[in-house]
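What follows is a single structure, written as structure tokens, with notes after it.
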Amino acid sequence: MAKQGTIVVVDDNKGILTAVKMLLETHFEKVITLSSPNLLINTLREEKVDVVLLDMNFSAGINTGNEGLFWLTEIKKEDASLQVVLFTAYADINLAVRGIKEGTTDFIVKPWDNNKLLETLQAAYRLKAGNKKGNQSKQEKQAVSKESGMFWGESRAMQQLRSLVDKVAITDANILITGENGTGKEMLAREIHMLSGRKKQPLVTVDMGAITETLFESELFGHVKGAFTDARADRPGKFEAADKGTLFLDEIGNLSYHLQAKLLTAIQQRSVVRVGSNTPIPVNIRLICATNRDLQDMVDKEQFREDLLYRINTIHIKIPPLRERPEDILPLTEIFLAQYANIYGKGSLKLSAAAKEKLKQQPWYGNIRELQHTIEKAVIICDNGTLDENDFILPRKKDTSRKEVTTLEEMEYNMIKTAMEKHNGNLSLVASQLGISRQTLYNKIKRYEL
């Protein structure tokens with residue numbers, strides 16, 4: 001097969017650059033190595049680059065990964081379609097998730113496996129080139145946005161949603177996206193950004209549930225040097241990073257009540273004041289928010305500010321759960337099947353009639369995310385070119401006659417779920433009842449997809 005694609009590898013370790021270049025040169029048309037990210041943007045402007053393999057730490061003694069995330073943002077400003085794979089010696093899953101949320105394609109941990117590295121970079125190149133293999137029909141391909149990966153499908157509910165998105169995306173109206181976990185709220189936010197007049201500017205994503213209260217202002221509004229102990233330099237916040245672009249506030253319903261007033265002030269005034277400063281900095285942003293919670297119900301219970309809801313809810317878009325659009329299950333399955341067959345080198349895979357029926361009958365309470373994980377597992381364990389119903393590991397129906405808890409994880413899941421129902425999703429009260437920090441609670445909610 002002819003070598004294709006241009007890869008840029010950025011790492012301050014010259015030994016790693018040499019080893020990776022030797023590996024990649026036999027598979028890619030051109031491999032460019034940089035020992036410093038300072039030349040990266042100029043390289044992207046001079047070369048037709050497809051994929052960037054980006055180290056996350058360059059300064060001696062620093063291993064936070066913030067440098068890599070900074071350069072990820074700079075790359076996306078230059079070309080949002082570029083595929084970026086993060087490269088780090090520090091296997092921090094939270095950092096990996098943060099990088100993926102901010103636009104990276106994948107995450108590789110050092111020391112790396114050569115086959116895994118090659119598979120990841122080749123998959124990233126295929127995404128950039130748009131050369132999707134598999135058995136997708138023309139209709140299915142047209143149903144997937146090339147720029148954001150948003151799957152529209154053929155269901156009436158999604159076609160109505162698509163019509164609304166086409167109308168509002170071109171405006172600067174604030175948008176609130178609601179829907180269950182796993183329905184694709186962040187992907188829809190990216191689609192709206194790519195359809196807007198701001199598509200050449202950054203889309204900055206903030207997971208509101210993952211920001212601790214003490215760091216809220218610094219993360220969103222920035223800080224000046226000396227504002228607090230570790231503030232060694234001026235640092236812009238997310239609002240400034242999104243200037244002239246789009247700011248996406250995910251999990252907005254998890255923001256504590258007293259911090260909502262500070263967010264409202266910034267949205268109303270369209271300016272921010274960095275921590276430690278008195279100088280307002282104007283920001284020009286398009287605001288998109290998302291949540292799986294009922295914000296109007298939270299307003300009624302005085303858990304969410306009504307004036308903030310009005311500000312973020314100019315346009316409300318609700319994504320229907322997958323069980324309400326069953327005609328989209330098999331087309332989505334075919335897309336994931338082709339995707340993971342490529343990633344894991346399984347060639348062309350098909351579904352048996354029994355497998356299709358089993359997938360169609362599943363309620364998919366975890367929505368598209370659950371379906372995607374199920375397909376990936378099936379592709380990994382399959383032994384031939386046709387996946388049968390037994391290749392799919394699906395959750396067993398709960399036996400309501402059993403009262404005892406069989407595993408520690410099941411006990412933890414049930415305790416958190418019960419506490420969340422009792423406190424109507426108020427994470428501060430739930431964390432207090434369970435005797436854990438709000439951040440620990442949030443991590444467990446993500447883990448169990450509650």
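General remarks:
- In the range 7-60, the residues that are among the hydrophobic types (A, V, I, L, M, F, W, C) and assigned to a helix (DSSP H, G or I): I16, L17, A19, V20, M22, L23, L24, L39, L40, I41, L44
- Subset of the range 244-265 [outside any helix (DSSP H, G or I), open to solvent by 10 Å² or more (accessible area, probe 1.4 Å) and over 20 Å from D294 (Cβ atoms)]: K244
To keep it simple, each residue is scored yes or no on (1) modelled with pLDDT of 95 or more; (2) among the β-branched types (V, I, T); (3) within 19 Å of M208 (Cβ to Cβ).
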residue	(1), (2), (3)
V272	no, yes, yes
N278	no, no, no
Q296	no, no, yes
V299	no, yes, yes
Q303	no, no, yes
N313	no, no, yes
L322	no, no, no
P326	no, no, no
I335	no, yes, no
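- Neighbours by Cβ (under 6 Å, 6+ apart or cross-chain): first from the range 401-426, more than 17 Å from D300 (Cα to Cα) and of a type in the set (F, W, Y); second at pLDDT 70 or above and open to solvent by less than 80 Å² (accessible area, probe 1.4 Å): Y413/Y448
- Taking the range 297-340 as the range and being of a type in the set (V, I, T), open to solvent by 10 Å² or more (accessible area, probe 1.4 Å) and more than 30 Å from D391 (Cα to Cα) as the test, the residues that pass are V299, T314, I315.
Yes or no, residue by residue, for (1) buried (at least 20 other Cβ atoms within 10 Å of the Cβ); (2) modelled with pLDDT of 85 or more:
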residue: K138; (1), (2): no, no
residue: K141; (1), (2): no, no
residue: D172; (1), (2): no, yes
residue: T178; (1), (2): yes, yes
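- For the range 373-396, a residue qualifies if it is open to solvent by 50 Å² or more (accessible area, probe 1.4 Å), closer than 19 Å to L450 by Cβ and not in a loop (DSSP other than H, G, I, E, B), and exactly one does: H373.
- Count of the range 332-368 residues which are under 30 Å from N115 (Cβ atoms), assigned to a helix (DSSP H, G or I) and touching a helix residue (DSSP H, G or I) at 6+ places or on another chain (Cβ under 9 Å): 14
- Restricting the first member to the range 343-372 and to residues that are farther than 15 Å from R323 by Cβ, and the second to residues that are aromatic (F, W, Y) and part of a loop (DSSP other than H, G, I, E, B), the beta-carbon pairs closer than 8 Å and six or more apart or on different chains are A355/F392.
- Scan of the range 266-296 for residues that are open to solvent by 60 Å² or more (accessible area, probe 1.4 Å) and assigned to a helix (DSSP H, G or I), ordered by number: Q268, Q269, Q296
- Residues in the range 233-243 that are in a loop (DSSP other than H, G, I, E, B) and either among the hydrophobic types (A, V, I, L, M, F, W, C) or closer than 13 Å to L203 by Cβ (or both) were compared, and the one that is least open to solvent (accessible area, probe 1.4 Å) is A242.
The values are calculated or read from the model by the stated rules, or taken from the named source; none is laboratory data. Just so you know, these numbers come straight off a predicted model, no measurement behind them. Cβ: placed from backbone, ideal geometry, glycine included. Neighbour counts: every protein chain shown. Just so you know, the surface numbers come from the protein's heavy atoms only, side chains and all, with ligands and any DNA or RNA stripped out. Shrake-Rupley method; radii C 1.70, N 1.55, O 1.52, S 1.80 Å.
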